[in-house]
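Asker: Right, I'll just put the structure down here and ask away after.
The numbers here are math on the coordinates, done by the rules we state, and not lab data. These numbers were taken from a predicted model, which means no experiment stands behind them. Cβ placement follows ideal geometry from the backbone for every residue including glycine, while neighbour counts extend to all protein chains displayed.
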Amino acid sequence: MALFLVQHGKSLSKDKDPKKGLSEEGTAETERIAEVAKGYGVHVSRITHSGKTRARQTAEIFASALEPEGGVQESSGLNPLDDVTAFAGNIDSTKDQMLVGHLPFMERMTAYLITGSMEKPVFKFQNSGIVCLDKDPDTQSWVIKWALMPNIG
């Protein structure tokens, strides 16, 4: 089953919004990527986010497009500097799930699952972008299956 890793959408600066909610651009990009994912038939059973405003708002936008049966939930362990190895041990690879969080956590999680080391970068995330990981059926190793990003340049 697939694991969808998402970096939250672009947020407002702390001086404009102390909680750093999504900016207009962040909302628009997230809505666009969510609709493209829906158009491709992406199935998600549950969306989990860090609890920070920008991650929650991003998760809610994806949920409105993808309609996960398990809904949206907050989880500890997805903040920028949280322990990737601890969270990775709790990933249920039998369900299609989306995690919405922050950098550097998402890039470190991807590196850790792919290479076994969070210090070997394997993918550069963009705000609102999705990286889809899946387990290779022969080796049971995580692989990057596809990515959907707001910008290609």
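Asker: Note the count of lysine pairs whose C-alpha atoms are less than 26 angstrom apart in the chain, limited to pairs 8 or more residues apart or on different chains.
Answerer: Pairs that pass both the separation and distance tests number 29.
Asker: Only sites in a loop by DSSP and with at most 11 other Cβ atoms within 10 Å count here; which chymotrypsin sites (Phe, Trp or Tyr not before Pro) in the stretch 8-97 make the cut?
Answerer: Answer by residue number: 40.
Asker: Follow-up. Roughly what % of DSSP beta bridges within the stretch 28-149 run antiparallel, to the nearest 5?
Answerer: Of those bridges, close to 45 percent are antiparallel.
Asker: Which of the GluC sites (Glu not before Pro) across the stretch 34-139 are loop residues per DSSP, with 15 or fewer other Cβ within 10 Å?
Answerer: Within the stretch 34-139, the qualifying GluC sites (Glu not before Pro) (loop, at most 15 other Cβ atoms within 10 Å) are 69, 119.
Asker: Taking the Cα-to-Cβ direction at residue 123 and at residue 138 and moving 7 Å from each Cα, how far apart do the two end points lie in nm?
Answerer: Result for the modelled spin labels: 2.2 nm.
Asker: Separate question: DSSP loop (so not H, G, I, E, B), at most 16 other Cβ within 10 Å: list which trypsin sites (Lys or Arg not before Pro) in the stretch 105-153 pass both filters.
Answerer: 124
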